[in-house]
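All of the numbers you see were taken from the coordinates with simple rules; none came from a lab. Everything numeric here is computed off the predicted structure, so don't read it as measured data. Cβ placement follows ideal geometry from the backbone for every residue including glycine, while neighbour counts extend to all protein chains displayed.
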Amino acid sequence: FKESLNQNTIHEVVAFNAFLDSRRQDIVNRIGEINLSLAGIEYNAGRHIQLEHQNSTDLDVRQFGTDLRACSEGTIGDDDQYSEQKYLQVARLIERFRGRDGYTTLDERWTAKVTDVRNWFTFSASEKWTETGEEFEHFTDSGGKSGGQKEKLAYTILAAALAFQFGLASGNGAGKNAGSGRSFRFVVIDEAFGRGSDESARYGLELFQRMKLQLLIVTPLQKIHVIEPFVSHVGFVANTNGDDSQLRNMTIQEYRDERDRRA
């Protein structure tokens, strides 16, 4: 009975290790797919942005990986694969998952941290020359950048995060509706373009368009000339007397006709 229990326990940990490794590979693959979209968008003249990932240097994450591999190694083909030593390795790991006496909260935080495969990576961005692929600049944060540069970098990371969340790649969605572009990818952007430069706003909108995101943009009227090419309908909100607001819905062509009449 004990041998059977040990075998089952070790097999479960091996399967768990395989599952986490699969999720890790999913992240690597998704970043590669997102980079295909980013490569087609000019970040600066002749250059584009690529996302990069490195293995995390966090001690908890690295030690967990070492311990998990130790539990999985030698479980196939060895005569002593279910040795007491192997079982004890697994038992120590499971004890932390369950929460040790007096360390329950600490172990809960540890478990949430080390089993979230996103924490297995550190991420950065590389600005590359499109023609040669050589790196022009490497970003681990936006320190030392101008306001416009920070905006463009922020839009790039935001678009990449949305693409990752929605499972988009190369402008296409995941799943059976990917080819038709019919998947629902609705994003609300509230005054994100209000204070930024026209160039940065245009770059962000081109990026979102490339990802085929469906946008609801809340923006002051002065930015409409930048946003106009990227929307099909306008909801114009006015409050002339301060008592209540009125909303007028129109197509972008109706808006243009109205604007031209009032010019």
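If neighbour count is taken as other Cβ atoms inside 10 Å, put Arg262, Arg96 in order from fewest to most.
Numbers: Arg262 6, Arg96 17.
Fewest-to-most ranking of Arg262, Arg96: Arg262, Arg96.
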Report summary line: Here, Thr132 and Arg92, labelled 7 Å along Cα→Cβ, have an inter-label distance in nm of 5.0
Query raised in the report: Say each of Trp110 and Asp60 gets a label point 7 Å from the Cα, pointing the same way as Cα to Cβ; how far apart are those two points in nm?
Result: 0.9
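Taking 0.36 nm per residue of sequence separation and subtracting the Cα-Cα distance, how much length would be gained by fully extending the chain between Ala263 and Arg23, in nm to one decimal?
Values: separation 240, 0.36 × 240 = 86.40 nm, distance 5.59 nm.
Roughly 80.8 nm would be gained on extension.
What length, rounded to one decimal in nm, is gained on full extension from Arg256 through to Ala45, with 0.36 nm per residue of separation minus their alpha-carbon distance?
Working: separation 211, 0.36 × 211 = 75.96 nm, distance 3.09 nm.
The span from Arg256 to Ala45 would gain 72.9 nm if fully extended.
How much length would be gained if the chain were fully extended between Asp244 and Phe186, taking 0.36 nm per residue of separation minus their Cα-Cα distance, in nm to one decimal? Numbers along the way, then the final one.
Values: separation 58, 0.36 × 58 = 20.88 nm, distance 2.79 nm.
Residue separation times 0.36 nm, minus the Cα-Cα distance, leaves 18.1 nm.
Please give the FRET efficiency for His53 paired with Gln85, using the beta carbon to beta carbon distance and R0 = 35 Å, rounded to the nearest 0.05.
Numbers: r = 34 Å, r/R0 = 0.98.
After rounding, the FRET efficiency stands at 0.50.
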Query raised in the report: Using a cut-off of 13 Å between alpha-carbon atoms, which aspartates and glutamates can reach Lys223, once sequence neighbours fewer than 8 places away in the same chain are excluded?
Result: Asp190, Glu191, Asp198, Glu199
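Pop the C-beta distance of His233 and Gln149 into the FRET formula with R0 = 25 Å and round what comes out to the nearest 0.05. Can you show the working numbers first?
On the way: r = 32 Å, r/R0 = 1.28.
Efficiency for this residue pair is about 0.20.
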Report task. For an R0 of 41 angstrom, estimate the FRET efficiency from the Cβ-Cβ distance between Asp101 and Thr140 and round to the nearest 0.05. Result -> 0.55
